[in-house]
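Data block below; observations after.
The values are calculated or read from the model by the stated rules, or taken from the named source; none is laboratory data. This is a predicted model, so every value here is computed, not measured. Here the Cβ positions follow ideal geometry from the backbone for every residue, glycine too, while neighbour counts run over all protein chains shown.
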Amino acid sequence: MLQQVLRLGPQAHNTLCLVLRRNIAMSTVVMANDKSMTPVQKLYLDKIKEYAKKSKALGGKLVDPDPVIEKDLDTEASRLNKLYGGGDLTQFPTFEFKEIDFDAPADKK
């Protein structure tokens, strides 16, 4: 159906793009309104907010972890430490690059 509309020419293409943009813009405004949410959507957002609060209270750790999950997490963390040489896997790595002195003469052998 979209191909048939696009065959009508550039005017139909421009009109279709305009209609789609307006529909997307309106749907975001409507969905942002809390009253228009379905009970399932509201429950989903409430659970996400609840999980975020619990996670923040625990310092970013897993919420209500199962012993099996904790064991798997420790196993994977130790495997990654062995594979990549240790360090804190929860932090973004820092990179250090030496500054190159382009003005220094090169040693010729």
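Among (1) surrounded by 10 or more Cβ atoms within 10 Å (Cβ to Cβ); (2) at pLDDT below 90, where does P10 come up short?
(1)
Here are L45, L16: which of them is at pLDDT 90 or above, in a helix (DSSP H, G or I) and aliphatic (A, V, I, L, M)? If you could, list the steps in order and put the result at the bottom.
On the way: L16 fails: at pLDDT 90 or above.
After applying the criteria, what remains is L45.
Check D88 against each of (1) at pLDDT 85 or above; (2) of a type outside the set (A, V, I, L, M); (3) under 24 Å from the mean Cα position of the chain (by Cα) and name the one condition it does not meet.
Going through (1) at pLDDT 85 or above; (2) of a type outside the set (A, V, I, L, M); (3) under 24 Å from the mean Cα position of the chain (by Cα) one by one, D88 breaks only (1).
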